[in-house]
Structures are given as structure tokens and as C-alpha cells.
Amino acid sequence: AKILCDRGAFVAIIDVDEASAQAAASTLGMRALAIAADVRDRAAMAEAVARVVAAFGRLDVVVANAGVTPEPATVRTMDPHDFDRVMAVNLDGCFNTVHPALDHIVAAHGHVVVVSSCASFAPGMAGSPYMMSKAAVEQFGRALRVELAAVGASAGIAYFGIVETEMTRAAMDEDDIGRELDGFLPWPLNVRISAVRAATVLADGIARRASQTIAPSSWEPYALLRGAVNVVLDAQLAGSAKMHDLLERVERRAESR
């Protein structure tokens with residue numbers, strides 16, 4: 001939000017945490033608006049879009065960025081409510097953010113960005129709802145790209161690897177199993193980027209109406225070759241004794257909760 005505002009945009013920050021949204025907007029001056037809304041609430045998001053248009057007079061760019069991670073669990077042992085929570089925020093929330101804005105985007109010949117993840121083309125063991133949701137967001141973005149091009153607007157997909165945020169620290173650094181799962185990522189796929197770097201890549205992509213952005217760039221070969229790489233990678237992981245041991249511990253922990 002700060003980078004876009006510094007580049008001249010009027011920015012609306014929509015967050016489930018009203019205090020955080022207000023705090024962020026207050027640092028950006030008169031060209032920033034804070035709105036409290038839960039992306040899972042379709043009516044609230046439609047109202048949020050209406051408020052943005054009423055405040056600024058138009059809507060040129062939408063970024064669907066809300067996301068959460070599940071508790072580590074296999075499909076067999078996961079809490080179905082946790083599956084529903086991740087899908088509701090990551091996938092339904094993306095639709096609820098973009099859909100009410102599309103008429104305004106088309107009228108302004110604007111641009112939509114949906115934030116997928118490099119996780120969308122990586123194996124999802126012990127965290128499949130996240131990978132599933134981000135793969136679905138990728139397909140949503142691909143459909144938008146073609147559909148909006150037909151009416152003079154555009155859409156892009158942002159793919160990030162590991163970004164240093166509170167969410168990733170909690171999932172990968174402060175959790176024993178998360179750290180071990182992270183250890184299965186080889187260099188250079190385990191390279192991390194800062195939130196500022198991710199935001200800069202996102203803002204640069206908006207400026208040039210990029211159809212996709214990937215950061216860090218070390219994920220780009222995997223993105224291009226995933227059809228072949230995943231056949232080999234899935235077979236290796238399925239046959240890995242170390243992975244079997246880790247998944248057994250994931251299941252024991254999930255069952256003990």
C-alpha cells in the first residue's frame with residue numbers, strides 16, 4: 001500500500017482487523033482509505049467496493065491478497081473445519097474481493113491481481129488445503145486474464161515463494177514440523193524475500209500490467225518445467241523414508257489435538 005501510494009495511487013486497505021487497517025492508512029495521508037471487512041463475507045466485500053468507488057470516484061486496480069495457512073495435518077487427520085477455513089479465505093475470499101469490482105475495472109480499463117503462490121505447483125503434503133487453494137487462485141487468474149482482455153481490461157497472477165511475514169514465521173520457523181518441511185526445499189527454492197521486496201514486485205507488475213510475476217526469480221525454472229519436474233519430485237517424496245517418518249509425526253500430533 002505504501003509503495004503504491006508513494007507512486008501516486010489512491011489506496012484502499014481492506015482488512016478483517018480494522019485497527020491494523022486504520023493504522024496502516026494513517027501513515028499514508030489523505031490518499032489512503034481503511035475499511036474493515038472479512039473477505040469471507042460476500043456482502044461485506046461488495047459494500048467495501050462500493051465505499052471505495054464512492055470515496056475515490058473510480059476503481060482502477062484490485063489486488064486479492066488475503067491468505068491463511070492450515071494446521072499441519074495429512075488429509076486423513078486434518079480437521080475439516082480447518083480445510084473450510086483455508087478455502088473460505090484463500091479461494092472464496094479471492095472471488096469475493098474481485099467479483100464485485102469487475103464492472104468498475106472494465107469501465108476503467110483497469111487491472112486485477114490475484115496472489116497465488118509458488119506453493120500452487122509444489123507438492124502439498126501436510127498442508128494440502130493451502131496448495132489446493134493457491135492452485136485454484138491461479139486458475140481463477142488465468143480465466144480472468146483471457147476474459148478481461150476481451151473487454152479492454154487486464155489481469156495478472158502473482159506467485160511468491162517464501163516471504164518473511166508473520167504467517168510464514170509462525171508456520172515454518174516457530175513450528176518444529178514446519179521447519180522440517182521447509183528443509184525439504186532445496187536451494188535455490190528455499191531463498192526467502194522480504195515483504196518489501198514482494199510488495200515492490202507486485203507494484204512493478206501492476207505498473208506494466210504483467211500477466212504474471214514470480215519472486216524470488218529462482219522459482220521461475222520450476223514454474224516453466226513443473227509438468228516434468230513434479231513427476232520426478234512426487235515419486236521421490238513418496239518413496240522417501242525421511243518423509244514417511246515426518247508424516248507419521250504429523251499424524252500423531254494432529255490426532256493428539
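The values are calculated or read from the model by the stated rules, or taken from the named source; none is laboratory data. Since the model is a prediction, treat every value here as computed from it, not as a measurement. Counting neighbours? That spans all protein chains shown, and the Cβs are built from the backbone with ideal geometry, glycine included. Quick note on the areas: whole protein, heavy atoms, side chains included, nothing else; ligands and nucleic acids left out. Shrake-Rupley method; radii C 1.70, N 1.55, O 1.52, S 1.80 Å.
Summary table
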{"quantity": "For Rg and Dmax of the Cα atoms in Å, calculated from these coordinates, the label among [x] 18.9, 59; [y] 16.8, 47; [z] 30.5, 112", "calculated": "[x]"}
{"quantity": "Residues whose placed amide H lies under 5 Å from that of residue 213, excluding near-sequence neighbours", "calculated": "157, 158, 159"}
{"quantity": "Crossing angle, helix 195-207 versus the chain [Cα axis fit, 0-90 degrees, rounded to tens]", "calculated": "50 degrees"}
{"quantity": "Cα gyration tensor shape of the range 168-257, rounded if a/c is under 1.5, else prolate or oblate by comparing a/b with b/c", "calculated": "oblate"}
{"quantity": "Loop-located trypsin sites (Lys or Arg not before Pro) in the range 46-124, at most 11 other Cβ atoms within 10 Å (DSSP)", "calculated": "76"}
{"quantity": "Relative packing of 230-236, 18-24, which averages over residues the other C-beta atoms within 10 Å, highest first", "calculated": "18-24, 230-236"}
{"quantity": "Average accessible area per residue (Å²) across the chain - probe 1.4 Å, nucleic acids and ligands excluded", "calculated": "51 Å²"}
{"quantity": "J(HN,Hα) series, the range 232-244, from Karplus relation 6.51 cos²θ - 1.76 cosθ + 1.60, nearest Hz, glycine and proline x", "calculated": "6, 5, 4, 5, 5, 5, 5, x, 7, 5, 5, 5, 4"}
{"quantity": "The chain, helix-only ellipticity at 222 nm - DSSP H runs n ≥ 4, -39,500 (n - 2.57), divided by all residues, nearest 500", "calculated": "-15000 deg cm²/dmol"}
{"quantity": "Kirkwood Rh in Å, taken over all unlike Cα pairs in the range 1-92", "calculated": "14.7 Å"}
{"quantity": "Distribution of pairwise C-alpha distances over the range 80-213, 10 Å bins, in %", "calculated": "12, 38, 34, 14, 2"}
{"quantity": "Accessible surface of the chain [probe 1.4 Å, protein heavy atoms]: carbon and sulfur percent", "calculated": "58 percent"}
